[in-house]
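**Q** Shown below is the structure under consideration.
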Amino acid sequence: MNKASKDQTLFGCGDASETKGHGDDIISLGISTDRTRVATGETGKRPKVFIWDAMTGEVQCQAKLGRVRGVKTIAWSKSGQYVACTALDNDHSVFVLDPNGKKKAKVLA
């Protein structure tokens, strides 16, 4: 939020066919330890995780988790090299992402 002008920038809102961000409700959020990047996860049939710049809101990369109902939790590793997230599925699957990709975060596990 720009405190002087009281303008606020929203990430990933709008019609899912037009937005470059989330197309459904954001239900999880994790901030890197150096506070420069944010990871957000959504609910939905094929939820995504977005990694974006905390100051500019620019998307750095994204990951699709497949057929789970949502991204329940997100946490950054202390080094900032990995993002772990748990899924809203019957198995409570855990995904480990490499957030340093150019456009897509690589699902490592």
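**Q** For a Förster distance of 22 Å, can you work out the FRET efficiency between the beta-carbons of residue 3 and residue 34, rounded to the nearest 0.05?
**A** Numbers: r = 22 Å, r/R0 = 1.02.
Using R0 = 22 Å, I get an efficiency of 0.50.
**Q** What ³J(HN,Hα) values, in whole Hz, does the Karplus curve 6.51 cos²θ - 1.76 cosθ + 1.60 give for the stretch 51-66 when θ = phi - 60°, with x put for Gly and Pro?
**A** With the stated coefficients, the stretch 51-66 comes to 10, 9, 6, 5, 8, 9, x, 6, 6, 8, 6, 9, 9, 9, 9, x Hz.
**Q** Could you compute the FRET efficiency for residue 58 and residue 89, with r as their C-beta to C-beta distance and R0 at 30 Å, rounded to 0.05? Can you show the working numbers first?
**A** On the way: r = 30 Å, r/R0 = 1.00.
According to the calculation, E is roughly 0.50.
**Q** Between residue 73 and residues 5 or more places away or on another chain, which pairs have amide H atoms under 5 Å apart, with H built 1.01 Å from N, and which residues are they?
**A** For residue 73, whose amide H was placed from the backbone, the distant partners under 5 Å are 86.
**Q** May I pose another question? All other residues with a Cβ under 14 Å from the Cβ of residue 47 taken together, and with Lys, Arg as +1 and Asp, Glu as -1, what is their net charge?
**A** Net of charged neighbours comes to +3.
**Q** Sequence-distant or interchain residues sharing an amide H contact under 5 Å with residue 61, placed H: which?
**A** It is 51, by chain and number.
We did not get these values from a lab; they are worked out from the coordinates using the rules stated. Computed from a prediction, not measured in an experiment: that's the story for all the values here. As a convention, Cβ positions derive from the backbone with ideal geometry for all residues, glycine included, and neighbour counts pool all protein chains shown.
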